[in-house]
Amino acid sequence: MPITILVELREEWQDAWQDAWYRKRVIGGLALVIIILSLFPLFFQAIETRKGFLLPDPLLAWLPPHNVSLAIFVVIWAISLLGIYRAAQDPYMFLTFLWSYVLLLIFRTLTITLVPLDPPAGLVGLVDPVGNFFYGEKFVTKDLFFSGHTSTVVLLFLCLPGKVDKGLALIAIIVVGCLLLVQHVHYTLDVLGAIFFTRLAYRIVRKTVVQPLGT
């Protein structure tokens, strides 16, 4: 990246950080993410012990299960690296993603609590070295409605600028959603629900957190 662009980016971040409202929003959002993620192992271990119910899912019944953990991990982190790169160039994209992610964590905690599900038949355990860190000691299979992996990629699609970036993110959504079903770690409803709740979180944040800053 040319030095002139780095200087411009530095000035843009400095200008944003000098805005007290922006600074408070970033600090508050980061604090909430840390608090919620630190409590997640306790939450996930608790929901793993409860009795849920199976959802009828004709698509999963038709799909034979396969372990595609590596492909899921590669696709998610490839598009995530693009998101990190773009967010480093735009302080308001970073803020939008941060607070949308906070809302997603809250929404997901509520929906998992209110919709107790048992894992689909034929589930193949998803190996995610990063995500599994927040699940605790016991392997978790009941964090179902809605899909956290899908929602993360959908959020990146909503936040990323430009047709090319959004095109790549859209491909990632389709690939990740399909692969999660192939591995039987989620119901079809979990994947579709992730799209709805992510759009809802994004719209709320755009209207209440980012828009008042004039973006």
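The values are calculated or read from the model by the stated rules, or taken from the named source; none is laboratory data. All values derive from a computational prediction rather than experimental measurement. With ideal geometry, Cβ positions are generated from the backbone for all residues, glycine too; neighbour counts draw on all protein chains shown.
The residue that is surrounded by the fewest Cβ atoms within 10 Å (Cβ to Cβ), among those in region 105-124 that are free of Cβ contacts under 8 Å to residues at least 60 places away in the same chain and either assigned to a loop (DSSP other than H, G, I, E, B) or more than 17 Å from the chain's Cα centre (by Cα) (or both), is L114. For region 90-107, filtered to residues that are out of contact with any helix residue (DSSP H, G or I) (no Cβ under 6 Å at 6 or more places or on another chain) and farther than 17 Å from I27 by Cβ, the residue that is modelled with the lowest pLDDT is D90.
Exactly one residue out of G83, G125 is within 30 Å of R206 (Cβ to Cβ) and small (G, A, S), and it is G83. For the criterion of being within 24 Å of D57 (Cα to Cα) and in a helix (DSSP H, G or I), V176 passes. Quick check: is even one residue across region 2-18 surrounded by fewer than 10 Cβ atoms within 10 Å (Cβ to Cβ), modelled with pLDDT under 90, of a type in the set (S, T, N, Q) and out of contact with any Pro (no Cβ under 7 Å at 6 or more places or on another chain)? Scanning region 2-18 turns up at least one residue that is surrounded by fewer than 10 Cβ atoms within 10 Å (Cβ to Cβ), modelled with pLDDT under 90, of a type in the set (S, T, N, Q) and out of contact with any Pro (no Cβ under 7 Å at 6 or more places or on another chain). Summed over region 76-104, the residues that are surrounded by fewer than 20 Cβ atoms within 10 Å (Cβ to Cβ), under 20 Å from L126 (Cα atoms) and among the aliphatic types (A, V, I, L, M) give a count of 1. Per the conditions (1) surrounded by fewer than 21 Cβ atoms within 10 Å (Cβ to Cβ); (2) within 17 Å of the chain's Cα centre (by Cα); (3) at pLDDT 95 or above; (4) under 16 Å from S80 (Cα atoms), the sole criterion not satisfied by L160 is (1).
Evaluate the following for P91: is it in contact with a His (Cβ under 8 Å, 6 or more places away or on another chain) and within 30 Å of I171 (Cα to Cα)?
Details: in contact with a His (Cβ under 8 Å, 6 or more places away or on another chain): no; within 30 Å of I171 (Cα to Cα): yes.
No.
Residues that are under 18 Å from the mean Cα position of the chain (by Cα), closer than 15 Å to G177 by Cα and β-branched (V, I, T) within region 49-104 comprise I72, V74, V75, I76, I79, listed in sequence order. You will find that of V140, V102, V127, V75, the residue that is touching a residue at least 12 places away in the same chain (Cβ under 8 Å), part of a loop (DSSP other than H, G, I, E, B) and more than 16 Å from D190 (Cα to Cα) is V127 and no other. Quick check: is even one residue across region 206-215 modelled with pLDDT of 95 or more and surrounded by 17 or more Cβ atoms within 10 Å (Cβ to Cβ)? No, region 206-215 contains no residue that is modelled with pLDDT of 95 or more and surrounded by 17 or more Cβ atoms within 10 Å (Cβ to Cβ). When the residues of region 174-196 are filtered to those that are within 22 Å of W99 (Cβ to Cβ) and surrounded by 21 or more Cβ atoms within 10 Å (Cβ to Cβ), the one that is farthest from the chain's Cα centre (by Cα) is G193.
Against the condition outside any loop (DSSP other than H, G, I, E, B), of a type in the set (A, V, I, L, M, F, W, C), touching a residue at least 40 places away in the same chain (Cβ under 8 Å) and surrounded by fewer than 22 Cβ atoms within 10 Å (Cβ to Cβ), how does L168 come out, does it pass? When the stated conditions are applied, L168 passes them. Contact map, region 23-50: residues that are more than 30 Å from P91 (Cα to Cα) and charged (D, E, K, R) paired with residues that are at pLDDT below 95 and loosely packed, with under 12 Cβ neighbours inside 10 Å, Cβ distance under 7 Å, separation 6+ or inter-chain. Pairs shown: E48/K138.
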